[in-house]
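Bear in mind these aren't lab numbers, they're just calculated from the coordinates by the rules spelled out. As the structure is a computational prediction, the values presented were derived from the model and not from experiment. Methodologically, a virtual Cβ is constructed for each residue, glycine included, from the backbone with ideal geometry; neighbour enumeration extends over all protein chains shown.
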């Protein structure tokens with residue numbers, strides 16, 4: 001519920017309660033006061049009559065006989081309400097009456113004095129009407145004012161929200177807000193701007209660190225590799241023992257470098273450093289990649305077939321799309337057996353790689369874990385499927401793995417729906 | 001063939017220079033952007049091997065300078081940054097090729113030769129090795145004047161060997177050259193073995209000498225003697 005609606009609700013509740021209470025108070029107060037006034041008048045008349053009778057005069061005859069009734073029989077003494085027929089208007093009219101005993105020339109009679117309450121009620125109605133309509137207008141005014149204020153006063157807040165919603169740290173930008181005259185919002189915006197400054201700085205530092213770490217590690221690796229390669233050319237290396245040693249060292253350097261590249265890629269994806277997405281033609285990419293793997297598959301006697309039933313409309317970083325298809329295919333070839341098959345299916349909603357391969361044990365969900373190897377002695381670092389999963393996560397795809405024991409078919413399926421893009425403007429190419 | 005090697009890492013630079021000189025190139029070096037800029041302004045090179053990350057400047061700017069001067073030198077970028085953007089920008093700016101560090105020396109040589117071949121001889125160039133004659137632009141191979149029919153991979157393999165005569169080529173370097181740099185080399189040794197076996201067989205059928213030597217556990221070598 002909106003903050004404004006909430007506050008308004010309480011305002012309204014309070015105003016309504018006050019409104020009802022005030023109306024009741026006003027009604028009973030006014031009614032009481034007016035009735036008191038009438039009773040006082042009746043009492044004055046009583047006193048007047050008593051004095052007049054004491055002086056020995058007779059009871060006066062009223063021109064309006066219903067205003068005074070004299071009865072020889074005893075009546076209930078005191079004030080009471082009654083309805084009397086108004087002879088002119090032919091309707092029952094409320095009256096207040098005062099009954100008291102009076103000795104007139106030695107004879108005890110009960111005198112009832114009456115006064116119409118019609119004018120009292122009229123006054124009450126007018127006063128109440130005015131008050132209630134004023135209060136009602138006030139209530140309506142408060143509601144409307146609040147609504148308008150809510151829209152106008154909270155506009156900067158909504159702008160701030162909109163800016164925040166569209167903010168991504170990889171845009172390399174500090175948040176900026178239009179100026180506002182409301183202190184609270186200005187403070188909020190200032191705090192957010194400060195926060196984004198820190199975020200951008202930290203993100204930049206992290207990105208730089210990743211880039212530097214990658215660069216700084218690749219350089220010594222490049223030196224090692226180049227020098228080992230030079231070393232292999234030495235005539236001394238005709239000695240098979242030495243040659244094997246150096247060649248194993250060389251192989252290990254290559255593995256290290258590969259591992260390093262894979263980990264750098266993973267951390268780059270995690271840091272969202274692949275913001276610029278372009279439309280990717282996956283069918284072309286698949287064709288390219290299968291061509292690249294074809295000869296390898298051929299040597300392994302693995303049949304590689306592609307079935308393209310449609311092309312998904314994807315926005316991806318081209319490098320990541322490449323890496324995704326590459327790792328899927330590589331995985332399918334690596335964990336295959338002689339005479340096996342690989343079926344790659346592409347539809348507008350998913351990409352599926354289905355390959356034969358040895359039985360695997362363990363939880364399928366764990367295959368996506370880093371350094372997860374089917375065979376511990378394998379040369380590969382076991383990062384291929386982690387990269388696949390990381391790329392899928394980055395773009396909101398779902399990566400699923402199935403295994404059918406009867407046919408020993410492994411299926412890895414990447415579901416593109418819902419089609420997602422990472423909304424971010426292209427970052428300028430980093431200078432080095 | 002005159003090369004300029006621009007690389008700031010001393011150890012790597014020395015190894016590369018040694019290697020390139022062994023390969024018959026005249027190789028000059030520059031360790032930073034300023035030096036490199038001076039040299040490219042003063043001298044003509046057939047090819048510039050350019051590291052992108054230099055202590056005092058961006059290699060891409062050097063590439064821009066070269067192109068702005070209308071230099072005829074080929075440019076091969078070597079960079080530790082595998083970032084796709086760098087690669088694209090470099091190639092867009094007119095670099096001939098791009099190698100990501102670490103790379104195989106043999107690969108560097110093969111690429112350099114390809115660049116120089118493209119730039120200097122406009123296709124009218126052949127490679128002669130003992131009884132072999134290869135016309136790279138037409139992709140034709142002759143053994144003692146008889147045409148030799150090779151598959152794409154076998155041809156690539158032969159060209160790679162020819163680019164690095166008398167050097168031990170590691171299985172890893174050959175695998176990456178044939179399958180692209182991302183193929184896990186350990187997975188593809190049997191693959192190289194198969195192709196090499198076929199290539200040897202075809203060469204022998206045409207009566208060529210057996211000059212592809214196996215270096216046990218390491219790789220292969222195209223022997224000149």
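Round to the nearest 10 and give me the degree value, 0 to 90, for the angle of helix A:155-165's Cα axis relative to the longest principal axis of chain A.
Here the helix axis deviates by roughly 20 degrees.
In the Gaussian network model of chain B, springs joining C-alpha atoms below 10 Å, which of B:126, B:104, B:177 carries the largest mean-square fluctuation?
Per the Cα network of chain B with a 10 Å cutoff, B:126 tops the list.
Explain nothing, just the number: relative contact order of chain A, from Cα pairs under 8 Å at least 6 residues apart, as a whole percent.
On the way: 521 pairs, mean separation 43.8, N = 432.
Reported relative contact order: 10 percent.
In percent, how large is the relative contact order of the range A:184-267, given Cα pairs closer than 8 Å and 6 or more residues apart?
Details: 24 pairs, mean separation 26.9, N = 84.
That works out to 32 percent.
Between residue B:69 and residue A:315, take the C-beta separation as r, use R0 = 51 Å, and let me know the FRET efficiency to the nearest 0.05.
Given R0 = 51 Å and the Cβ-Cβ separation, E is 0.85.
What percent do you get for the relative contact order of chain B when only Cα pairs under 8 Å and 6+ apart count?
Reported relative contact order: 13 percent.
Please report the Cα spread of the range B:127-222 along all three principal axes, rounded to whole Å, starting with the longest.
In descending order, the Cα extents are 37, 27, 20 Å.
Kindly express, to the nearest 10 degrees and within the range 0 to 90, the angle between helix B:105-121's C-alpha long axis and the longest C-alpha principal axis of chain B.
Helix B:105-121 sits at roughly 80 degrees to that axis.
Let me check the size of chain A from its C-alpha atoms; what are the radius of gyration and Dmax in Å?
Rg and Dmax of chain A, Cα atoms, are 48.1, 161 Å.
Mind giving me the FRET efficiency for residue B:44 and residue B:91? R0 is 25 Å, r the Cβ-Cβ distance, nearest 0.05 is fine.
According to the calculation, E is roughly 0.65.
After finding the eigenvalues of the alpha carbon gyration tensor for the range B:50-102, what semi-axes result from the square roots of 5 times each, listed largest first in whole Å?
Each semi-axis is √(5λ); the values are 17, 12, 9 Å.
Along the principal axes of its C-alpha atoms, what lengths does the range A:142-275 span, in descending order and rounded to whole Å?
The Cα atoms of the range A:142-275 stretch 98, 19, 14 Å along their principal axes.
Taking R0 as 45 Å, what FRET efficiency do you get between residue A:9 and residue A:406 from their Cβ-Cβ distance, rounded to the nearest 0.05?
Efficiency for this residue pair is about 0.10.
Based on the Cα atoms of the range A:195-265, what semi-axes does the equivalent ellipsoid have, where each is the square root of 5 times one gyration tensor eigenvalue, given in whole Å with the largest first?
The answer is 39, 10, 5 Å, longest axis first.
Kirkwood hydrodynamic radius of the range A:275-415 from all distinct Cα pairs, in Å? Could you put the intermediate results ahead of the total?
Working: mean 1/r = 0.0654 Å⁻¹.
Evaluated over the range A:275-415, this radius sits at 15.3 Å.
For helix A:183-231, report the angle its Cα long axis makes with the longest principal axis of the Cα atoms of chain A; keep it between 0 and 90° and round to the nearest 10°.
Once rounded, the angle reads 10 degrees.
Using 7 Å Cα-to-Cβ label points, what is the residue A:174/residue A:159 separation (nm, one decimal)?
Here the modelled spin labels are 1.8 nm apart.
Using a Gaussian network model of chain A with C-alpha springs under 10 Å, which one of A:308, A:223, A:387 is most mobile by mean-square fluctuation?
Maximum fluctuation in the GNM of chain A, among the listed residues, is at A:223.
Which number comes out as Rg/Rh for chain B once both Rg and the Kirkwood Rh are worked out on C-alpha atoms?
0.99
Express the C-alpha Rg of the range B:1-119 as a ratio against the empirical globular expectation 2.2 N^0.38 Å, rounded to two decimals.
Ratio of Cα Rg to 2.2 N^0.38 Å: 0.93.
What does the C-alpha gyration tensor say about the overall shape of the range A:1-147? Classify as rounded when a/c is under 1.5, otherwise prolate if a/b is larger than b/c, or oblate.
Prolate, since a/c reaches 1.5 and a/b exceeds b/c.
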